[in-house]
Structure formats: C-alpha cells, structure tokens
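Enquirer: Please see the structure below; I have some questions.
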Amino acid sequence: MILNRLALLLVLLITANAANAQKKDSVVFSVGNEPVTLQEFKYIYEKNNAADPNLYKQTNLKDYLDLYINFKLKVKEAKELGLDTTDKFVKEFLSYRNQLAQPYLTDRSVSQSLIDEGYVRMKEELRASHILIPVGMEASPKDTLEAWNKIMEVYNKALKTDDFEALAREYSKDPSVANNGGDLGYFTAFQMIYPFESAAYNLKKTGEISKPVRTRFGYHIIKLTDRRPYRGEIQVRHILINSNENEPKDKKQIAKSKIDSLYSLLQKGADFTELARQHSDHVQSKASGGELPNFNSFSQYPDEFKNAAFSLATDGDFSKPFQTPFGWHIVQRVNVKPLQTQKELDEYLKTRIARDSRSEKSKDAAIQQFKKNFNYKESKKAVKKFAKNVDTTLLKGSWALSPKSKLKGNMFTLDGKAYTQKDFADYLQKNQQAGRFNDTRFALNQYFKEFVDETVYTYQDKQLETKFPEFSNVAKEYKEGILLFEITDQKVWGKAMSDTTGLKEFYEKNKEKYRWQERADVTIFDLRDKAAVAPFMQKLKTGKKSAEELTNEYIKKDPLSLNYKNLTVERKDNAIVDTLSLWKPGVFEVGEVDGRYYVVKINKILKPDYKKLSEIKGIVIADYQEHLENQWLADLRRKYKVEVNDTVVSALVKP
C-alpha cells in the first residue's frame, strides 16, 4: 500500500519543528544522534510526577532519568526500523493529532455556547416519536421540494389526529418504524443528530409536534411524548436467580420459589448483602454483595431492570421480585448521584461536541476568523471566469480542464500566497463525485467553498506546532507512545505470545519457580440451619449420592437450605478449608461463618508437583516478557551510544 504523501509530509514537518526547537535548549542526554532537551525532559518528568513532594531529589531524578533513557532507546529503535513511516502509524497518529488540534481549529466562543447548551439539555430526558421523509442534503431542488411537500402533508395530518403512531407506520421511511411505530424512547443531549435534538428540545409541551426539521437523513416531524428531569446515576445491589424461557418447567418453579423465599427473608429484616453473597447467581457481583457499577437511564440494562431501580424512593429500599430475560431479580437502591456540575463535565462536553455534527458551527466561525487573520482576498473576476469553463460533466464526476484553457489567474490569497485557478481545477478533478449534485452552478459554488475552507483550515493546522508549544509537546508525546507500543509489541509482548518454542524453553529453565505445594480436592457446603448439619454429614459420608444430588434433594424442599462448590486448593488458599485441623480425605464440620453453617469434604490429597505450562501459561508469559524486555534493553544499550549531560542533570537537583 502506497503511503499517503501528504500525511507523511505532515508527520515529518512536526518532527522537523520539534528538532528546530531543540537546538535552542540545553541537552539532558542523547541516544545515538538524537538529543533530549531540558524543556522536553522537564515537561514529561513534571507531568508524570507532579504529586511527588521529593520531585527533584537526586534519587528520584536518577530513577526517572534511567526509565526515560530506556523509553528513548525503544523509540530510537522503532524509528530505525521505519515504524514511524508505515501507513498504520501515520493513520493512527494523524487521527489523534486531528482530535488534539480541534480546540485550535474552532471558534472557542461558539464552542463555549455549545457547551452551555449541551449541559442545560443534559438536565432533561425527552421521549419522542418521529416521522421521516428521506432526502439528501445535496438533493436537487425538484427532489427537495417533493420531500418538503410530502412532509408538510403529513405534518398537517398530524395536527388533526391523536394517532401519531398510525401516521408513522403509514408514512415514515425510518427502517425502525415497523418495530417501534416511530417511538424513539428516552434520550438526552448528544444522543440524536444535532438538528433533530434541537427541534425536540425546543418543544415545550407534551403532545406538541414540531414543524418539519431537516437533517442529513431528510425531513422529520417530531412529537414530544414525555419530558422528565435527568434521573441521575444510580448504584444498586441485586440478587439474580438464573431462569430463562427455554428451561424445563420444574427449574422455572425452583427459581421462582427461591426468589420468593429471598424476598420473604428481606421483608423480615435479613441483610441484603449477605443474601446476595450466599444466593445470587450473578458471578460478577456476588462477592461484593450484589453491587453493580453506577448506571443511568440510557445504560444497556433491560428496561424492566432500570425502571425497577429508579422507582425506589430512598437508599436501602428494595424492589419486589421481577423478571428480565436473564432471570428473577430483587434490586436494592444504594445511592443516586445527580448530574455533575458543568465544571466537572467540562472535558466530557468538549469531547462530545468535537465528535458531534454541532462542531461544524464552531469550525465555520473559526474559518471566518482565520480568513481575517491570514488577510484572505478573493478575486470575484477569476471565480466568474473559471465558471465559464465548467459544464454538466461536473455532475457526472468526469469534468476535466480543457488543454486549451488559458486559466492562470489567482482565485484568492492567504498572507499573500496565491491559490490559482489551476489549483482549483486540480482540486475539482480529484474531489468531484458523480451524482452528488443535480445543478451545475450550485455544485461549482459548493466545491469552491469547500476548496477555500479546506485550504484555510489546513493553512492554520500546519502552523500549530510552531505557534503552540503545549500542542507540540502533547503531539510528540503521543507520537512516541504509539512507536513504543508498536516496537514493544514486536520485541516483547507479541513475541512472548507467539514464540511457543521460546516460551517452552524458558519454562523448562525456570521450572523450579512453578511448583504446586500439596493440594486438596474439596467440596464445600454451606447450610442455613445448624440442626441440619449432623444428618447431612451422615448422608455425605455414605457416599451414596453426589454433591449435586444431595443439594437438589435439599433445595427442592427449601431453596435456601444448601449451597455447594468444588475447588482444588493449596494450604492458605481458602479461609474455610484453612480452619480444618486435619488435612486428609474425609468429611469435616467447620461451624458458623457469616450466618451459614459449613461442611467440608476433602475428596483427595494431591502431592506436590510441577505446575503444567497449560495451567499457568499467563504467569509464564508475563515472566517471559520481562525476560525478553531486559535482554532487549541490554542489546539496545550496546547498539546506541547514550551520553548524559551530568552538568544539566545536577543543576536540576534540589536539596
């Protein structure tokens, strides 16, 4: 694949700008022929160690200097291997740089108004239905008028009927209408395309219908069906008893009986956390007493689950049992966090706006300002003359400038630099698209606007590294971070994963590190009632029934009476097993732990042995990676000369 030359040129330009800046600064150390300046070292050192009260103590400084030299050695090797010129690297770096550049390429006053607007809208959750008549933003006047007439017809009908859903099913071309009848559910800011969002938030009363609004999808009319305050982020505990529609009837009955028994215990004052630990089937939350991460109205939980959670009025309240596709639940409210302040959400709002279509507003305003800054001057005469050389082939995407054309004039200038009719002709031939437009004059005007905007925008973009040191620092940091990841993956992480022969050799050489001590194969039971322990142990000792069979026998009578699990443990691996004074096959009573009565059956004792590579592959890979990295760094130290400027380093030390 041929590397995009313009993208590579930009990367090289960034590197050159950084190199020019380095010439003016003291050098802390160099790796090969590449210096690291005092400005660069202080920036990264202070950024990563800002909270350390001993920041510039000699020991701390030396330790970090060694780490940073290792980092630069790896980056140097990545560059020597040409990783900074690959398509993959350039694409990833420029993608990040484009995000980083956004604040410098947009109008900040407009951006702030969008931030303010977005935050106000986040305070509410809207529910709305819509009807869509599709038409592209660049459709012909005829097609646009046809779509407009159709949406106005539907709009007038909507004002005269209460059955918006029936209209949506009849007229809307949104593919989802067959399933939802036009109902979009609840949403808030940044979850719909911006013009649609604005039209919905401008509706004040439930039942109100918007006038037609145009988005890139076409014309919409929107009906507001509910408006409520943002419900916040809620944290809950829950108990899950697995059950689904495909299970046999008796298993469904056991699940229902179990959840009802747990609910009854909660009503009598039982501790929710303990019941969740003992009985919930949700593996991820069981150990923490059923606690789930915070979620809001738009999280990917079933609606039944979210509605049950948000219906709880106060912390500590719990729901009645309810069912979702995952099974039966009981939910307890832990706390609810309201919307954070605008200051706290500032970075989030900036990021969302930068990725949203509304960012075009601040970009357009910025381009107008850049034109003023760069003394933009346009030649109307040259533009008109150019238009005489364009015909309908532009609409087909096949226009080409005639060889007989005498177009040589300047269409506009930036800081005195001329952009000619030939430049625009080249742009047109590269960017024209068949079928995009239906009118030649409209198409030419749109292409010229895009040409000017892109040129102005790029002109500003190319100056960011020299105009803004903070931008240059972060861009370089990210660039080297990508290189570090790529080279380390090649030399260490990926190699350790794919080099099966080397991994086996490393394992064999270090086998003594990987040994099992004496282990026990055990089954741990916990019972609710103390009186049931002795008869249960008698049944267990006979060996007539398996652990699963005995458990099923008990839970059919009482779903909460008994639980069990099978484990293989070393000494000190398991708190329950470690209470036993004997370490041999047999059935042993442990006693009460957290309100349950425990019995342990040691099935057999396993002698000390080497751990199989398959059992501990993850641990061995991690050790092998560390070995490879140490070996690699030693090779790099031999390959590239490292010179430290002790005078500059010593001057940084503070007593």
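The values are calculated or read from the model by the stated rules, or taken from the named source; none is laboratory data. The model shown is predicted, which means the values in this text are computed figures rather than measured ones. Note: ideal-geometry Cβ built from the backbone for every residue, glycine included; neighbour counts use all protein chains shown. The area values use the complete protein model at the heavy-atom level, side chains included, leaving out ligands, DNA and RNA. Shrake-Rupley method; radii C 1.70, N 1.55, O 1.52, S 1.80 Å.
Enquirer: Using the structure shown, decide if Asp317 is surrounded by fewer than 20 Cβ atoms within 10 Å (Cβ to Cβ), over 25 Å from the mean Cα position of the chain (by Cα) and of a type outside the set (A, V, I, L, M, F, W, C).
Expert: In short, yes.
Enquirer: What is the residue count in segment 189-199 for residues that are surrounded by 19 or more Cβ atoms within 10 Å (Cβ to Cβ), more than 21 Å from Leu345 (Cβ to Cβ) and within 27 Å of the chain's Cα centre (by Cα)?
Expert: Adding up the residues that qualify gives 1.
Enquirer: Can you tell me which of Ala382, Ala400 is modelled with pLDDT of 90 or more, assigned to a helix (DSSP H, G or I) and out of contact with any Pro (no Cβ under 8 Å at 6 or more places or on another chain)?
Expert: The unique qualifying residue is Ala382.
Enquirer: Where in segment 546-654 are there strands (runs of 3 or more DSSP E), lying wholly inside it, with at least 2 residues that are closer than 30 Å to Glu40 by Cα?
Expert: Answer list for segment 546-654: 642-644.
Enquirer: If you don't mind, another one. With Lys211, Lys223, Lys204 as the choices, which residue is open to solvent by 10 Å² or more (accessible area, probe 1.4 Å), out of contact with any Pro (no Cβ under 8 Å at 6 or more places or on another chain), at pLDDT below 95 and of a type in the set (D, E, K, R)?
Expert: Every option except Lys204 fails the conditions.
Enquirer: I'd like to verify a number: residues in segment 593-611 that are loosely packed, with under 12 Cβ neighbours inside 10 Å and either basic (Lys, Arg) or in contact with a Gly (Cβ under 7 Å, 6 or more places away or on another chain) (or both), how many?
Expert: 2
A quick yes/no check of all residues on (1) surrounded by fewer than 14 Cβ atoms within 10 Å (Cβ to Cβ); (2) touching a Ser or Thr at 6+ places or on another chain (Cβ under 7 Å):
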{"position": "Glu465", "(1), (2)": "no, yes"}
{"position": "Pro469", "(1), (2)": "yes, no"}
{"position": "Ile487", "(1), (2)": "no, no"}
{"position": "Tyr514", "(1), (2)": "no, no"}
{"position": "Thr542", "(1), (2)": "yes, no"}
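Enquirer: Related question: Would you kindly identify the helices (runs of 4 or more DSSP H) lying entirely within segment 132-238 that contain at least 3 residues that are touching a residue at least 12 places away in the same chain (Cβ under 8 Å)?
Expert: 141-158, 164-171, 194-201
Residues checked against (1) open to solvent by less than 90 Å² (accessible area, probe 1.4 Å); (2) more than 30 Å from Asp271 (Cβ to Cβ); (3) aliphatic (A, V, I, L, M):
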residue	(1), (2), (3)
Trp328	yes, no, no
Tyr348	no, yes, no
Ile367	yes, yes, yes
Lys380	no, yes, no
Ala400	yes, yes, yes
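Enquirer: Sticking with this one: From the residues in segment 37-69 that are within 30 Å of the chain's Cα centre (by Cα) and in contact (Cβ under 8 Å) with a residue 60 or more places away in the chain, which one is surrounded by the most Cβ atoms within 10 Å (Cβ to Cβ)?
Expert: Looking at residues that are within 30 Å of the chain's Cα centre (by Cα) and in contact (Cβ under 8 Å) with a residue 60 or more places away in the chain, I get Glu40.
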